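Q: This structure is in structure tokens; I'll ask about it shortly.
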2 protein chains.
Amino acid sequence: MNDSLPPRLPATGRTRHRRLREQGGRERAELDAILAAGFICHLGVLVDGCPMVVPTVYGSDGRHLYLHGSVASRSLLAAPGTEVCVTVTHLDGLVLARSVFEHGVNYRSAMIYGTPRPVTDPDEKLAGLRLLTEQCAPGQWDYARRPDRRELAATSLLALSLAEASVKLRSGPPGDGDGPDGASGRWAGVLPLVTAFGEPVTDPPLGNAAAPPHVTARAGTPVG
Amino acid sequence: MNDSLPPRLPATGRTRHRRLREQGGRERAELDAILAAGFICHLGVLVDGCPMVVPTVYGSDGRHLYLHGSVASRSLLAAPGTEVCVTVTHLDGLVLARSVFEHGVNYRSAMIYGTPRPVTDPDEKLAGLRLLTEQCAPGQWDYARRPDRRELAATSLLALSLAEASVKLRSGPPGDGDGPDGASGRWAGVLPLVTAFGEPVTDPPLGNAAAPPHVTARAGTPVG
């Protein structure tokens, strides 16, 4: 998948980890894993000189992130060639330390920087929409009705290279067990956070029609 | 709590809903509810002219959002007076429609715009850190050791007014049951997404010490 991108993430001015270096990942495989584990990102883009942060879905082929252009119609489509930052975050738990100062969050996060390219080639557009759909809802591309020509024309798709990206993460217990606070007798640990799919809820007009296996199979499975 | 802010959210150039108006909330109570339901936001800030989106924790008193300055040390602290956008997003489910085109996400999202103010007054700083700690981990401000003078000095805190904010949300079933796709016989519905706390994991040096009640009480409870 990543044959055109190096296995180590780049250290550019904005991806270099300046603080808390222990929380910075450098392997492209870590980026791939974070992207594969989710389907929602926060897209940061300049609108009239001010940042705007929009949640949206994404798809990825390991070399590009594909984004719906429509979510950023005020911004990206009005100003092609604009640099963006896309951040994908998974929360794993609250780090409850002995001291308030050492409290934190266990998480995995990826930040991708670049200038998205509008996808106009019909084949790439269809392939990108397939990636995006399958990232959110595996199996739906084959199950649902695919976009027709009119719908394709009404859909904007953007491709963002994964070349410039950084990864940050924290895992494990609190860090103040060794210090003076460790002798305080206070409990410390991690309160895990888990995101999972629930049981599918059928659209009311369909009565009690059962969801197809590729949907029911996800009930109870974790996300992120 | 909101005595100084109007009950309706403002319609400024950037908070006005231009697309999908049915997804725009206008009540300040909706904003308060979204903020109260979480503790992680995505902070968008300009660094060297490019947007950067950073996940971080927040606290709120209904009039301000409080943010750790340290997370944005490269940006906010280097450039006080910089406008930011803070977005809080809760995911509620995947909307699996009959057509790919109608697929979507059920979510609640708040976007806050403004110029954060560095909090320097020691009393406000302590109060803001208390809000931030209690938003993430209710009960920990009284249970854990509070910041001492040295730690307070090492902590940067930013206050962002909640005056300029917008709310977007989607809920309910897919919207293509009425159209031609409704007759296709395909299943459609929502696959809910639930984020919840798991069982606390004690820091290994503490052996099998039991977590205090304010921590164990959260196990199994939803977030967002």
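The values are calculated or read from the model by the stated rules, or taken from the named source; none is laboratory data. These numbers were taken from a predicted model, which means no experiment stands behind them. For neighbour counting, all protein chains shown are included, and Cβ atoms are generated from backbone atoms with ideal geometry for every residue, glycine included.
Q: Residue by residue through region A:122-146, note down the ones that are part of a loop (DSSP other than H, G, I, E, B) and surrounded by fewer than 20 Cβ atoms within 10 Å (Cβ to Cβ).
A: Within region A:122-146, the subset part of a loop (DSSP other than H, G, I, E, B) is A:137-139, A:144, A:146.
The answer is A:Pro138, A:Gly139, A:Arg146.
Q: If you don't mind, there's one more thing I want to ask. Scan region B:88-99 residue by residue and report those that are surrounded by fewer than 24 Cβ atoms within 10 Å (Cβ to Cβ) and over 14 Å from A:Val201 (Cβ atoms).
A: Once the filter is applied, which keeps residues that are surrounded by fewer than 24 Cβ atoms within 10 Å (Cβ to Cβ) and over 14 Å from A:Val201 (Cβ atoms), region B:88-99 yields B:His90, B:Leu91, B:Ser99.
Q: Looking only at strands (runs of 3 or more DSSP E) that fall completely inside region A:151-210, which ones have 2 or more residues that are closer than 30 Å to A:Arg8 by Cα, within 7 Å of chain B (Cβ to nearest Cβ) and out of contact with any Leu (no Cβ under 6 Å at 6 or more places or on another chain)?
A: Details: elements: A:157-161, A:164-170, A:189-197.
Ranges flagged: A:189-197.
Q: On to the next question. Among A:Tyr143, A:Tyr113, which is at pLDDT 95 or above, closer than 28 Å to A:Leu193 by Cα and of a type in the set (Phe, Trp, Tyr)?
A: Working: A:Tyr143 fails: closer than 28 Å to A:Leu193 by Cα.
Unique residue meeting the criteria: A:Tyr113.
Q: What's the number of the only condition in (1) surrounded by fewer than 20 Cβ atoms within 10 Å (Cβ to Cβ); (2) modelled with pLDDT under 85; (3) not charged (D, E, K, R) that B:Ala36 fails to meet?
A: Status for B:Ala36: all satisfied but (2).
Q: Restricting region B:108-121 to residues that are over 19 Å from B:Gly224 (Cβ atoms) and either in contact (Cβ under 8 Å) with a residue 12 or more places away in the chain or crowded, with 20+ Cβ neighbours inside 10 Å (or both), which is nearest to the other protein chains (Cβ to nearest Cβ)? Quick ask: steps written out before the conclusion?
A: Going through region B:108-121, the residues over 19 Å from B:Gly224 (Cβ atoms) turn out to be B:113-121.
Pick out the ones that are also either in contact (Cβ under 8 Å) with a residue 12 or more places away in the chain or crowded, with 20+ Cβ neighbours inside 10 Å (or both) and you get B:113-119.
Numbers: B:Tyr113: 7, B:Gly114: 10, B:Thr115: 10, B:Pro116: 12, B:Arg117: 17, B:Pro118: 18, B:Val119: 16 Å.
Among residues in region B:108-121 that are over 19 Å from B:Gly224 (Cβ atoms) and either in contact (Cβ under 8 Å) with a residue 12 or more places away in the chain or crowded, with 20+ Cβ neighbours inside 10 Å (or both), the one nearest to the other protein chains (Cβ to nearest Cβ) is B:Tyr113.
Q: Within region A:47-68, can you find the residues that are at positive phi and touching a residue at least 12 places away in the same chain (Cβ under 8 Å)? Step through it out loud before you land on a result.
A: Initially, region A:47-68 is screened for residues at positive phi, giving A:48-49, A:62.
Selection gives A:Gly62 alone.
Q: In this structure, is B:Leu169 under 19 Å from B:Ser60 (Cβ atoms), touching a Pro at 6+ places or on another chain (Cβ under 6 Å), buried (at least 17 other Cβ atoms within 10 Å of the Cβ) and among the aliphatic types (A, V, I, L, M)?
A: Numbers: under 19 Å from B:Ser60 (Cβ atoms): yes; touching a Pro at 6+ places or on another chain (Cβ under 6 Å): no; buried (at least 17 other Cβ atoms within 10 Å of the Cβ): yes; among the aliphatic types (A, V, I, L, M): yes.
No, not satisfied.
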